[in-house]
1. For segment 354-432, please list each of the helices (runs of 4 or more DSSP H) lying entirely inside it that holds at least 2 residues being under 19 Å from the mean Cα position of the chain (by Cα) and crowded, with 19+ Cβ neighbours inside 10 Å.
2. Quick check on my filter: what residues within segment 523-535 are buried (at least 21 other Cβ atoms within 10 Å of the Cβ) and within 36 Å of the chain's Cα centre (by Cα)?
3. Quick one: how many residues across segment 174-193 are farther than 23 Å from L389 by Cα and modelled with pLDDT of 75 or more?
4. Would you point out which residue out of T339, T295, T250 is surrounded by fewer than 24 Cβ atoms within 10 Å (Cβ to Cβ) and of a type in the set (V, I, T)?
5. Of everything in segment 204-221 that's closer than 30 Å to T339 by Cβ and not hydroxyl-bearing (S, T, Y), which residue is most open to solvent (accessible area, probe 1.4 Å)?
6. Taking A545 as meeting all but one of (1) open to solvent by 10 Å² or more (accessible area, probe 1.4 Å); (2) more than 36 Å from the chain's Cα centre (by Cα); (3) of a type outside the set (F, W, Y), write down the number of the exception.
7. Filter segment 757-779 down to the residues that are of a type in the set (V, I, T) and in contact with a helix residue (DSSP H, G or I) (Cβ under 8 Å, 6 or more places away or on another chain), then identify the one that is nearest to I745 (Cα to Cα).
8. State whether the residues of segment 32-40 include one that is open to solvent by 20 Å² or more (accessible area, probe 1.4 Å), of a type in the set (A, V, I, L, M) and assigned to a helix (DSSP H, G or I).
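The values are calculated or read from the model by the stated rules, or taken from the named source; none is laboratory data. Remember, it's a predicted structure, so these values are computed and weren't measured experimentally. All Cβ positions, even for glycine, are placed from backbone atoms using ideal geometry, and neighbour counts span all protein chains on display. Areas reflect the complete protein model, heavy atoms only, side chains present, ligands, DNA and RNA absent. Shrake-Rupley method; radii C 1.70, N 1.55, O 1.52, S 1.80 Å.
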Amino acid sequence: MLDRSGGLPDTFWYTTKRRLLGPPLVNQDLGEQRLSKPLALGVLSPDGISSSAYGTEEILIVLVPALGVAAFSLILPMTLVILFVMVLVLLSYREIVMVYIRPGGSYVVARENFGPRIAQVCAVALLIDYVVTVAVQIAAGTAAVASAFPGIGPYKLEICVGVVLLMCVGNLRGIKEAGRAFAVPTYLFAGAVILMIIVGLIREVMGNLPQAEPNAPGTYSLGSGSAGLITGVMIFTLLRAFANGGASLTGIEAVSDAVGAFRPPEGRNARQVLMAEGAILGVLVAGISWLAHATHATPFKSGYPTVLAQEAKLVFGHTIIGQALFFGVQGATMLILYTGGNTSFNGFPFLTSYVAGDSFLPRWLLKRGHRLVFSNAIILLTITSIALLVIKDADVNNLVPLYAIGVFTAFSMAGFGMARYHSRHRTPGWRRRMIINFSAGVMTFIVVAIFAVVKFTEGAWVVVVLFAVLVPALIRMNREYTAETEVLETISENQPPPPPHYSRRTIFVFVDSFDLATLAALRYARSQRPTTIRAVHFVIDNVRADKLREKWTRADRGIALDFIDVSDRRLTRAAAELVEHEVADPGTHVTVVLPRRSYSALLGRLLHDRTADKIAAVVSRIPRSAATIIPYDVESRVQVLQERHAAKVATVQDADGHVRSAEAQVAANHSPADGPEATPPPDTEAPAAESGTKASGLLRRRAPGEANGRSSADTPPAAPGITPIGSLTKPGRATVEGRIRMVEIKPVERNSVLACEISDGTGELTALFYGRSHIPGIVCSARVRFKGSVGIRPDGHRVMINPAYELLFPAV
């Protein structure tokens, strides 16, 4: 179908995208894509709030096998330590969203206070955290579903991938639609779990809260108890449990990374949402840990039923209402964990846009898409998170070691950065704020160190390696962008040079086969009105070259076709040498035109070997030369040409009213183009130099692949009676031998000339055969003997016209 402007028809992909994502938004709608506070809490908080669903379980996974029943007593003090860290982080970010109201959060803080290079540590930490967040949240959500319906457990990976793809589509539609779709689960989950905590507290007070069955099949086995608690092994175990529990705090920073998505005043609204998120998270983490202490809910090795699901089942009981509430909790948990990944889909694009704006990431991440969102960043996040899910088999416990180290690195840099900000600006109350931020920085740095040590062998080493690779890579990319910017600034400051004036402009059209793409390239070359147009075919297959010669001669396009032997098949080198030889004259500019048949993106990658790109890259480095690739959509053009041909057939009729083809009409109105050709007699003694008027521009260049015009293969011992070409300095008769380096066909006044250049290692000579378009055996790399009159052109080039020839060695 046509677009609304009545222009070109919409492509299949655009039509699909429009139906999937909705009509495109215009730039004027960009300011309307903002979040109110209730909507922002629903969209940006699921990551942090939903972490409470698996934080307690991750602590118990470490403590239960080591400490046994004592683990359910230690869960409470461990939770208090984690909540203390959470409070420090919240207070630190409370200052950040007020000072730095632009999106970027920890990255902006680090950049403004430590410089852009050091800030890349924070950028990498956040990028890793966002990717892992999607994987962890979706995997945990699947575990929640499997807790209610164990039969779907074997298909958890497929479910995870499907949910990530749906989330991608929701966010590609635009932030407002994504918020409406994903805000409800936050409130639903918080309400359901708080209800469960309240009911559990009431039943505990009443003394009728049951406990889980100890050592149930499939659970982690209870350890030997608390003996040796102060030993090194137990201290290491407690640190591992604390590191696992740190996953409960991930996601808090999402609000600061998307301050720009809030309605004005952005800073104050973000601060209120941040503190509301922290309050909800604290209540949920404390309540779930207390219920685990009271019910002795033990984690299962398969990941389901989860600790939260066991608590809900024990608290609500087995009545109809209790079962309904149990499924309600699991449904809410599933929804918030699935939508928890949506926080990354909001924060990740904002972060990448800021890092790319600083020239540390590719600039295509700055591009807004169909619905005014950073589509490229959303798609990139989708691909990487799905890959991580596949690698880790969608297992939460396998993903946690990759999780918290990134986000706590960002926490630490944000805390230290804000401490430095307060020490430099010294606004009212700066000492108190500096102490809060510095304390948060120290505490979270300790957590990073603990996590890197105790989780190193469990997967944290991967994150350490990513830091070591990505941070230098981002800095290197920035260096490249900076160098380009400095060059542009230097050019802008100087007076622009006058436009070049070339006395001669040559266009080479590189021809691989005679097809519609080649004809389009020839039309383009003619439209540039150059001094000379040369069609060139690099011969790597003589059979194919012969077929091309026949088609070219039959088509009679009015442009000479050169055949250049490339025995070593190094096309890029042959093209470069051809262009370099042509631009040896300072007054000459060369343009290389490369036809390319166009296909769809995927099919094009399968069908194209990128030879045109390689040749263009080499040619573009040669002074006074340029390369132009001419794409040609064969499918659409064939359809257009067929329609035109059908129209001509319908309108061309003879006197009797019968339809005749366009070709027949042309044949009736024009004399045959391939009729008898006038051929100069073989003994014509016309001076070769004078033949330049009708055969100007024929082969006069050294063939690519020769070293300084000489080739050892062309210098065999001279036979008796054979004159070295290099010794021919005056007109006269001679017999020469050499290897054919180049062959071309050129139309001249309704006739044709076959030009053949040979070389014997001492020089070059061109033989011109008038009235001939093909001579059997006269092809590139064949060895021949010519006998006839030699003419010397003003430029010193030697020419024979219609010489007698003898094929000595055929082409290999």
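1. By residue number, 375-391.
2. Matches in segment 523-535: A525, A535.
3. Number of matching residues: 10.
4. Values: T339 fails: surrounded by fewer than 24 Cβ atoms within 10 Å (Cβ to Cβ); T250 fails: surrounded by fewer than 24 Cβ atoms within 10 Å (Cβ to Cβ).
Every option except T295 fails the conditions.
5. Initial filter on segment 204-221 (closer than 30 Å to T339 by Cβ): 212, 218-220.
Applying the additional criterion that residues be not hydroxyl-bearing (S, T, Y) yields 212, 218.
On the way: A212: 20, G218: 44 Å².
Ranking the qualifying residues of segment 204-221, first place goes to G218.
6. For A545, the failing item is (1).
7. Restricting attention to segment 757-779, the residues satisfying the condition of being of a type in the set (V, I, T) are 758, 762, 766, 775, 778-779.
This time we only want the ones that are in contact with a helix residue (DSSP H, G or I) (Cβ under 8 Å, 6 or more places away or on another chain), so: 758, 762, 779.
Working: I758: 15, T762: 25, V779: 12 Å.
By that ranking, first place goes to V779.
8. Yes.
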